[in-house]
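Here's the structure we're looking at; comments come further down.
The values are calculated or read from the model by the stated rules, or taken from the named source; none is laboratory data. Being a predicted model, the structure only gives us computed values, none of them experimental. Virtual Cβ from ideal backbone geometry, glycine too; neighbours counted across all protein chains shown. The area values use the complete protein model at the heavy-atom level, side chains included, leaving out ligands, DNA and RNA. Shrake-Rupley method; radii C 1.70, N 1.55, O 1.52, S 1.80 Å.
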Amino acid sequence: MDDKIKLIYDSVIARNPAEKEFHQAVKEVLESLGPVIAKHPEFAQHKIIERICEPERQIIFRVAWTNDNHEVMINRGFRVQFNSALGPYKGGIRFHPTVYLGIIKFLGFEQIFKNALTGMPIGGAKGGSDFHPKGRSDCEILRFCQSYMTELYRHIGEHTDVPAGDIGVGGREIGYMYGQYKRLTNKWEAGVLTGKGVAWGGSLVRKEATGYGAAFFVDEMLKAKGQSFDGKVCTVSGSGNVAIYTIEKIHQLGGKCIACSDSNGVILHEKGLDLDLIKQLKEVERRRIKDYVKYHKDAIYKEKGNIWEIPCDVAMPSATENELNGKDAAMLVKNGCIAVGEGANMPTTPKGVDVFLNSGIAFGPGKAANAGGVSTSALEMQQNASRDSWSFEHTEERLHQIMKNIHNLCFETAEEYGEPGNYVLGANIAGFVKVAKAMLAMGLV
Ligand code: GLU
């Protein structure tokens, strides 16, 4: 890291103690910025990096609700509105027991640059709660979502801050939160949330978008190497929304996904995964992935297994942060993996990223590779603003073009800064420069 930038990083750590995921995300971006500051001294003079590392607004609140046993439950709610230089704050809401301020700030910080890369007019934010949805009844989820929105509604709006889903928040939760927002404001304000049901203002392709986008991004990286998905063996960690639609698009593009996972274990099905079954188990019945082997006797379930041990051509970590470490990365490279695309946010540890970059394989970082979800959210906002709804084909074509543009922007930026093929550098610099220029133009914001 550049010496002057290191001082900024040290002060971020001192000002934000005990938020290790936030430190990790900041470090990863700041390590790329040395050549940018050399080229643009005005960014240093106006303290753009210092300002970008400080969220514009952080909201922390109590979420009280009752469980089905009539007990009072208390969780903590968050919304970190990180940067609005390019548009209204935009980013998902995560419900997971690991959520605390450091997780929301890492996600919000990543979201600033990811959203900038999309080329859409959206700022960066993230929200969530340490609420654990697993095993909760539908009524409990409803009561929690209503209580969460009863505080959040005063901080958001179609021109202010537009939340969406993330881990633990899908179509059902967005529906409950939208219903509560509508009651509290007495307004039909479709553009306040994205990921809505298609019958009431949602966009076709939004559900598929993060996974489809990640597969499109990897397809572009493969093409840049003169390759394609055709006949490639792939592993995709996770079995949630991102993993499911990554697998679907890879299959459409001619690849074969042989493994997926959840937090308990790994499914290996050499014949190729049965995606209809995974959708039924996960989306409809909300069951664990181990039940897959009840329907396919030739598949293997490995409790607490490591999916990265399985030899593959393409690996797509699509579960959660820091799920792929240095050892895993070395194993993938040794086993012949040629491309890795991050469907999740920051799934590869810094050591893992180093291994991939040094090996020369194609590595697509999350803030570029998984930007398809938020891009399609921005397309949903466009449809809401014009009171229109687009066809699946048109929306998917828009998404595809956006992913190609993001790929090319990262690729060309890496070349421009003398590190061809380094998508991490390309994504960080291209995203940062867009936000930095907007902040400069707006004065002391
Ligand atoms: N949570 C998703 C992400 O990490 C989507 C955010 C959105 O659609 O606003 O990008």
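Observations
- Residue in the range 260-272 that is within 15 Å of Pro347 (Cβ to Cβ) and open to solvent by 70 Å² or more (accessible area, probe 1.4 Å) present: yes
- The range 171-195: number of residues that are open to solvent by 30 Å² or more (accessible area, probe 1.4 Å) and not charged (D, E, K, R): 6
- Residue within the range 15-27 that is open to solvent by less than 30 Å² (accessible area, probe 1.4 Å), at pLDDT 95 or above, in contact with a His (Cβ under 8 Å, 6 or more places away or on another chain) and more than 30 Å from Leu379 (Cβ to Cβ) present: yes
- Residue list for the range 196-244, restricted to those being surrounded by fewer than 19 Cβ atoms within 10 Å (Cβ to Cβ) and within 16 Å of the ligand (Cβ to nearest atom): Gly197, Val198
- Within the range 156-169, being away from the ligand (no atom under 14 Å from the Cβ) and either open to solvent by less than 30 Å² (accessible area, probe 1.4 Å) or aromatic (Phe, Trp, Tyr) (or both) holds for one residue alone: Gly157.
- Taking every residue in the range 230-241 that is on the phi > 0 side of the Ramachandran plot and pairing it with any residue that is surrounded by fewer than 24 Cβ atoms within 10 Å (Cβ to Cβ) and not in a loop (DSSP other than H, G, I, E, B), at least 6 positions away or on another chain, the pairs with Cβ-Cβ distances below 8 Å are Gly231/Lys256.
- Check on Asn322, in a loop (DSSP other than H, G, I, E, B), open to solvent by 10 Å² or more (accessible area, probe 1.4 Å) and in contact with a Leu (Cβ under 7 Å, 6 or more places away or on another chain): no
- Extreme residue, nearest to the ligand (Cβ to nearest atom), among residues of the range 68-85 that are of a type in the set (A, V, I, L, M) and buried (at least 22 other Cβ atoms within 10 Å of the Cβ): Val80
- Restricting the range 95-141 to residues that are surrounded by fewer than 24 Cβ atoms within 10 Å (Cβ to Cβ) and among the hydroxyl-bearing types (Ser, Thr, Tyr), the residue that is nearest to the ligand (Cβ to nearest atom) is Thr98.
- Within the range 144-189, the residues that satisfy the criterion of being part of a helix (DSSP H, G or I) and among the basic types (Lys, Arg) are Arg154, Arg172, Lys182, Arg183.
- Contact map, the range 136-149: residues that are hydrophobic (A, V, I, L, M, F, W, C) paired with residues that are in a helix (DSSP H, G or I), Cβ distance under 6 Å, separation 6+ or inter-chain. Pairs shown: Leu142/Tyr176; Cys145/Glu173; Cys145/Tyr176; Cys145/Met177; Met149/Met177; Met149/Gln180; Met149/Tyr181.
- Of all residues in the range 343-390, those satisfying the criterion of being assigned to a loop (DSSP other than H, G, I, E, B), open to solvent by less than 10 Å² (accessible area, probe 1.4 Å) and more than 11 Å from the ligand (Cβ to nearest atom) are Pro347, Pro365.
- Qualifying residue in the range 76-87 (condition: of a type in the set (Phe, Trp, Tyr), in contact (Cβ under 8 Å) with a residue 40 or more places away in the chain and farther than 23 Å from Glu321 by Cβ): no
- Residue in the range 170-193 that is touching a strand residue (DSSP E or B) at 6+ places or on another chain (Cβ under 6 Å), touching a residue at least 60 places away in the same chain (Cβ under 8 Å) and within 11 Å of the ligand (Cβ to nearest atom) present: no
- Screening the candidates Ile112, Ile141, Ile104, Ile122 for the property of being modelled with pLDDT of 95 or more, assigned to a loop (DSSP other than H, G, I, E, B) and of a type outside the set (Ser, Thr, Tyr) yields one hit, Ile122.
- Residue that is farthest from Ala315 (Cα to Cα) [pool: residues in the range 274-298 that are open to solvent by less than 10 Å² (accessible area, probe 1.4 Å) and in contact with a strand residue (DSSP E or B) (Cβ under 9 Å, 6 or more places away or on another chain)]: Tyr292
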